[in-house]
Amino acid sequence: MNETRDHGPLPVLLLSLTVMTGLVDAFSYLVLGHVFVANMTGNVLFAGFALTGTGGIGGISWPATLLAVAAFAIGAAFGGRWGLTRKPHRGRLLAEAVIAQVVLMTAAAFVATVAAVGDTPVRLALIALLAVAMGIQNAIVRRLAVPDLTTTVLTLTVTGLFADTMAPEVRLRRIAGVVAMFAGAAGGGALLRWATVSAPLWAAAALLMALASSSLVLARRTSATTWR
């Protein structure tokens with residue numbers, strides 16, 4: 001990735017998405033059983049543990065983890081083809097994808113509010129909705145090509161933080177990504193403890209709506225040509 005390319009406000013916007021990822025994965029892991037909807041590495045491991053009967057305490061479900069991977073793949077395939085023929089401004093591309101996420105996240109939040117999340121059909125429906133949303137996000141973020149801000153995984157970010165020689169602004173961006181994910185996860189855990197079970201999803205939906213609006217406004221500014 002080109003470190004010298006002008007990314008405008010995209011790093012800040014993607015940090016917001018990283019916070020949202022922490023909120024959603026806190027909900028999926030703590031409420032839906034040991035399953036992630038954004039971190040596919042963890043799901044592949046969990047599926048392997050569950051398939052061999054070594055899931056341990058907590059009841060890892062290999063159908064649930066495989067569903068998360070499959071739904072994420074569908075979202076990623078959809079997101080990967082988004083806007084390929086139109087070549088929209090990166091800010092508008094992000095806004096369009098986030099609007100799709102708003103729809104999916106709001107639907108998931110509504111289901112978590114009115115239905116019993118412990119019921120298997122409800123749990124699987126929530127996993128599918130959330131994993132599709134996160135797959136779209138991951139594909140679009142790859143298209144945006146902002147270094148060190150994948151918004152869903154931190155392994156390479158943390159590795160680069162300690163293994164590479166880098167400019168101060170690059171180090172700051174990497175640290176900010178880690179802090180954003182931590183903040184989202186902590187916020188999601190706090191909402192689950194002191195608010196309702198659906199609160200992390202409603203918070204995620206609200207954050208996404210603010211992000212979509214901000215992206216559209218910023219992409220329309222005259223200065224937006226520098227980070228197209």
- [ ] May I ask for the equivalent-ellipsoid semi-axes of the range 29-97, computed as the square root of five times each C-alpha gyration tensor eigenvalue and listed largest first in whole Å?
- [x] 33, 11, 7
TODO: Report the relative contact order of the chain, percent, no decimals, based on alpha-carbon pairs under 8 angstrom and at least 6 residues apart.
DONE: 36
Open item on the list: Between Ala70 and Leu156, how high is the FRET efficiency from 1/(1 + (r/R0)^6) when r is the Cβ-Cβ distance and R₀ = 25 Å? Nearest 0.05.
Closed with: 0.55
TODO: In debye, nearest 20, what is the charge dipole magnitude of the chain about its Cα centre with +1 on Lys and Arg Cβ and -1 on Asp and Glu Cβ, if you could check?
DONE: 680
Open item on the list: Give me the extension gain from Arg228 to Thr196: residue separation times 0.36 nm, minus the current Cα-Cα distance, reported in nm with one decimal.
Closed with: 7.5 nm
Open item on the list: I'd like the distance separating the alpha-carbon centroids of the range 5-30 and the range 69-127, in whole Å.
Closed with: 14
Task: Cα-based Rg of the range 1-122 normalised by 2.2 N^0.38 Å, two decimals - done: 1.24
TODO: Pop the C-beta distance of Arg171 and Ala210 into the FRET formula with R0 = 30 Å and round what comes out to the nearest 0.05.
DONE: 0.65
TODO: Provide the descending list of Cα extents for the chain along its principal axes, expressed in whole angstroms.
DONE: 52, 39, 37
Open item on the list: Using only Cα atoms and rounding to the nearest 10 degrees, what angle (0 to 90) does helix 40-51 make with the longest principal axis of the chain?
Closed with: 20
Open item on the list: Mean-square fluctuation check for the chain, GNM, Cα pairs under 10 Å: which of Trp202, Trp82, Trp194 is largest?
Closed with: Trp194
Open item on the list: I'd like to know how the range 81-165 sits against the 2.2 N^0.38 Å rule of thumb: what's its Cα Rg over that expected value?
Closed with: 1.37
Open item on the list: Using the Cα centre of the range 10-221 as origin and beta-carbon charges of +1 (Lys, Arg) and -1 (Asp, Glu), tell me which of Phe36, Ala70, Leu84 is placed farthest towards the positive end of the dipole.
Closed with: Leu84
Open item on the list: Using Cα springs under 10 Å in a Gaussian network model of the chain, which residue among Thr196, Thr65, Thr150 shows the largest mean-square fluctuation?
Closed with: Thr196
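Taken together, the values in this text are just the output of simple stated rules run on the coordinates, not laboratory data. Note that the structure is predicted; figures quoted are calculated from it, not measured. Every residue, glycine among them, receives a Cβ derived from its backbone with ideal geometry; neighbour counts consider all protein chains shown.
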